[in-house]
Structure formats: C-alpha cells, structure tokens
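**Student:** Here it is, the structure in full.
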Amino acid sequence: MVSYPHMSQHVPYLSLWLVDVPTEMLKIFDEVAMTIVLSMFPEYSRIHKEVHVRISDLPLHDSLRDLRFEVFSVLLCLTAFFLTFLKASPFR
C-alpha cells in the first residue's frame, strides 16, 4: 500500500502523474512491486502471477452524483451512500 500524501511529499511528480494517467502509472507500480517481491521471494510467481499496488489516503473526494464522462480517465476517490429497499412479505 502506498500513501498518497507520503508519495506527494517525497516524489511529487509521481503523484501528479498518478492522478492524470492512473491506468498507466498503476501498471508501472504493479510491475515494479512484482520485481521487488521476486527479488525478495524468487518463488513467489508460483503462488501469484501478479502483485497490485493500492493507493491510500487520496485527498480528493468526489460524490458519485458529481461524476461526469471527463473524469473516467483520472484517479479519484468516491464517497457514496447507497440505500436498498427490499419488498419483504411474511406470507407467500
């Protein structure tokens, strides 16, 4: 797990690229993470073929209601509340 505030403080250009082109950056992060894991545990590829990096503490929160087509190619953190109504009947 990579803390976004930590990354933006120490390597600011990576955090900017991550928000602008998340698909490509996360692919690179995953490849580098796998390389590091394999250097520490050479047989790890027998267990899992991939390693994924998780980004935490993204400072921007968007509402699900505010999404527009333009934001689908950027990294964002969503805050949403879902309600579900079920029709329950004791007798069928």
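**Student:** Against the condition over 14 Å from the mean Cα position of the chain (by Cα) and not in a loop (DSSP other than H, G, I, E, B), how does Leu14 come out, does it pass?
**Tutor:** The answer is yes for Leu14.
**Student:** Note down all Cβ pairs under 9 Å where the first residue falls in segment 9-30 and is of a type in the set (Gly, Ala, Ser), the second is assigned to a helix (DSSP H, G or I), and they're at least six residues apart or on different chains.
**Tutor:** Ser15/Tyr4; Ser15/Pro5; Ser15/Met7; Ser15/Ser8; Ser15/Gln9
**Student:** Scanning for something at pLDDT 90 or above, under 14 Å from the mean Cα position of the chain (by Cα), part of a loop (DSSP other than H, G, I, E, B) and charged (D, E, K, R), does segment 44-60 turn up at least one residue?
**Tutor:** There is at least one residue in segment 44-60 that is at pLDDT 90 or above, under 14 Å from the mean Cα position of the chain (by Cα), part of a loop (DSSP other than H, G, I, E, B) and charged (D, E, K, R).
**Student:** Give the residue that is surrounded by the most Cβ atoms within 10 Å (Cβ to Cβ), with candidates limited to residues of segment 4-24 that are of a type in the set (Phe, Trp, Tyr) and closer than 20 Å to His52 by Cβ.
**Tutor:** The residue in question is Tyr4.
**Student:** Moving on. Give the residues of segment 17-33 that are over 17 Å from Asp57 (Cβ atoms) and assigned to a helix (DSSP H, G or I), sorted by residue number.
**Tutor:** Trp17, Asp20, Thr23, Glu24, Lys27, Ile28, Asp30, Glu31, Val32, Ala33
**Student:** Could you list, ordered by first residue, the pairs with Cβ atoms under 6 Å in which the first is in segment 48-60 and closer than 10 Å to Met34 by Cα and the second is surrounded by 10 or more Cβ atoms within 10 Å (Cβ to Cβ), at least 6 apart or interchain?
**Tutor:** Qualifying pairs under 6 Å: Val51/Ala33; Val51/Met34; Val51/Val37; His52/Asp30; Val53/Val2; Val53/Phe29; Val53/Asp30; Val53/Ala33.
The values are calculated or read from the model by the stated rules, or taken from the named source; none is laboratory data. Note that the structure is a prediction, hence the values are computed from the model and not measured. So basically every Cβ, Gly included, is an ideal-geometry build from the backbone, and we count neighbours across all protein chains shown.
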